[in-house]
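Below you'll find the structure, written out as structure tokens, and then a few comments.
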């Protein structure tokens, strides 16, 4: 029965959270899949800071082992990125129009502008940046359009789900990085900054203005481009040196932007092309969108950690490099974006989720019916057992009441006796108090008779040890309340214990 209750609790909680009736809980894993490596970061879903629970960075070939390695359950949600040819992101200006007409207007506007993407068969999402007034006084909507082929995403998600990964959000790389930068408040709303994400094969240049992703451009230069430029024949004092790709990669990682003029001479053309592309992108943005100059840069990506690259870019661009983001920055940014409107999870997966909710609902109805029957039977059993317990309690209470009545009757009799004695001039209360002070240990009084005529007191009892009776009589005689203390009799009581004496004593009250 416990297992049924646990299952019902789990499924009802899932439905209520999906319907928005209760807060969602659990973990979200951001999964940044690159050309060579993937980076995963697990965070709590209701984060306010960034308390990383665990991370994983591995070659893409190990992606199938991610669920097992990080102990990912079906309750953990995955937010994954989109890169490269799977997606096109364009900044577009449209005449002012209702939001419901924007998607269709974007299809006409972008037709013929995108390579390798069929706009008629693609899905479009957009993020409105704001309104802009043009020279003729009319208004224009500035927005970022995201165009993607849903079937390509479906193929990737099926593969990930085959690895046991419950993907619930698909977010562009550029937006994930902006999420991370904004969450850490690395840039104020008044600043315009370029995020330069240098990967293995390409570099994404993203402009952030008013904390919004306002422009992005991809250039085919990355860490592998630098490695390739170093591969081949180098001249040295010892003659010609052949550098393999593996050796060139090792030198690049160890030395970075080398001070060795031979290494630097082959790296420089690639670095200069990179600087040229960054500069062209920022100058185009400044001119095309009337922006303030971009004088601040944030570096991201695996190749951005190349030794000396931060200082080189800062010097050549005459700009301040604010930070080099950690390797898991994009994975964390994917988690931060799970609740945003820019979620390209295919409709087929959303419908599948709806069907799953329906299946869960039917299971819940069946389980609920079984539980009602089970609870009804169980209720009768419990009720019967409770009635039996109540009957036993009532019997015990009845016996207790009878005991209380007996004690009460004795107390009434004692009280009456004390009143009677006291009314005859004998202060019974004082006498009892005095006896309580002088009664010795190992003594038990069986009877105490008080009267107005002499002898005033007659008491009898038993002592368990020899000498205790004499001690008690001495205490009586030394008490200012008693006089003429006499032992009427004493005899051994072997039936009680060895050395026990039965006794009777009389005495008068001091006048």
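The values are calculated or read from the model by the stated rules, or taken from the named source; none is laboratory data. Worth saying up front: this structure is predicted, and the values here are computed from it rather than measured. Neighbour counts run over all protein chains shown; Cβ positions are idealised from the backbone, glycine included.
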Filter result for the condition that a residue is within 30 Å of residue 89 (Cα to Cα), more than 30 Å from the chain's Cα centre (by Cα) and modelled with pLDDT of 70 or more, over 327, 390, 316, 347: 316
Filter result for the condition that a residue is surrounded by 17 or more Cβ atoms within 10 Å (Cβ to Cβ) and farther than 28 Å from residue 271 by Cα, over 207, 198, 141: 141
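Looking at residue 324, is it more than 28 Å from residue 126 (Cβ to Cβ), touching a strand residue (DSSP E or B) at 6+ places or on another chain (Cβ under 7 Å) and in contact (Cβ under 8 Å) with a residue 12 or more places away in the chain?
Working: more than 28 Å from residue 126 (Cβ to Cβ): yes; touching a strand residue (DSSP E or B) at 6+ places or on another chain (Cβ under 7 Å): yes; in contact (Cβ under 8 Å) with a residue 12 or more places away in the chain: yes.
In short, yes.
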Find the residue count for segment 192-201, including only residues that are in contact with a strand residue (DSSP E or B) (Cβ under 6 Å, 6 or more places away or on another chain) and farther than 16 Å from residue 325 by Cα. 1
Across segment 493-511, what is the total count of residues that are in contact with a strand residue (DSSP E or B) (Cβ under 6 Å, 6 or more places away or on another chain) and either loosely packed, with under 12 Cβ neighbours inside 10 Å or part of a strand (DSSP E or B) (or both)? 9
Considering only segment 38-55, state which residues are over 15 Å from the mean Cα position of the chain (by Cα) and at pLDDT below 90. 55
Does segment 89-107 contain any residue that is within 17 Å of residue 157 (Cα to Cα), out of contact with any helix residue (DSSP H, G or I) (no Cβ under 7 Å at 6 or more places or on another chain) and at pLDDT 90 or above? no
Please find, within segment 285-308, the residue that is surrounded by the fewest Cβ atoms within 10 Å (Cβ to Cβ) out of those that are assigned to a helix (DSSP H, G or I) and touching a residue at least 24 places away in the same chain (Cβ under 8 Å). 302
For residue 24, are the conditions met, namely being in a loop (DSSP other than H, G, I, E, B), at pLDDT below 65 and out of contact with any strand residue (DSSP E or B) (no Cβ under 6 Å at 6 or more places or on another chain)? yes
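Residue-wise test of (1) touching a residue at least 60 places away in the same chain (Cβ under 8 Å); (2) in contact with a helix residue (DSSP H, G or I) (Cβ under 9 Å, 6 or more places away or on another chain); (3) surrounded by fewer than 22 Cβ atoms within 10 Å (Cβ to Cβ).
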{"position": "124", "(1), (2), (3)": "no, yes, yes"}
{"position": "127", "(1), (2), (3)": "yes, yes, yes"}
{"position": "134", "(1), (2), (3)": "no, no, yes"}
{"position": "159", "(1), (2), (3)": "no, yes, yes"}
{"position": "177", "(1), (2), (3)": "yes, yes, no"}
{"position": "193", "(1), (2), (3)": "yes, yes, no"}
Quick check: is even one residue across segment 77-84 farther than 30 Å from residue 108 by Cα and either surrounded by fewer than 19 Cβ atoms within 10 Å (Cβ to Cβ) or at pLDDT below 90 (or both)? yes
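This table checks each residue for (1) more than 25 Å from residue 197 (Cα to Cα); (2) in contact with a strand residue (DSSP E or B) (Cβ under 7 Å, 6 or more places away or on another chain).
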| position | (1), (2) |
| --- | --- |
| 95 | yes, yes |
| 108 | yes, no |
| 136 | yes, no |
| 184 | no, no |
Residues that are touching a helix residue (DSSP H, G or I) at 6+ places or on another chain (Cβ under 9 Å), modelled with pLDDT under 85, part of a strand (DSSP E or B) and buried (at least 16 other Cβ atoms within 10 Å of the Cβ): does segment 454-464 have at least one? no
Is it the case, given these coordinates, that residue 173 is touching a helix residue (DSSP H, G or I) at 6+ places or on another chain (Cβ under 7 Å), crowded, with 21+ Cβ neighbours inside 10 Å and in the same structural domain as residue 122 (by TED's automatic domain parsing)? yes
Starting from segment 463-488, keep only residues that are in the same structural domain as residue 501 (by TED's automatic domain parsing) and on the phi > 0 side of the Ramachandran plot, then list their pairs with residues that are surrounded by fewer than 16 Cβ atoms within 10 Å (Cβ to Cβ) and assigned to a loop (DSSP other than H, G, I, E, B) whose Cβ atoms are within a distance under 9 Å, requiring at least 6 positions of separation or different chains. 484/454
Among the listed residues 257, 241, which satisfies the condition of being in the same structural domain as residue 92 (by TED's automatic domain parsing) and closer than 27 Å to residue 186 by Cα? 257
If you check 112, 93, which single one turns out to be in the same structural domain as residue 147 (by TED's automatic domain parsing), within 25 Å of residue 173 (Cα to Cα) and free of Cβ contacts under 8 Å to residues at least 40 places away in the same chain? 112
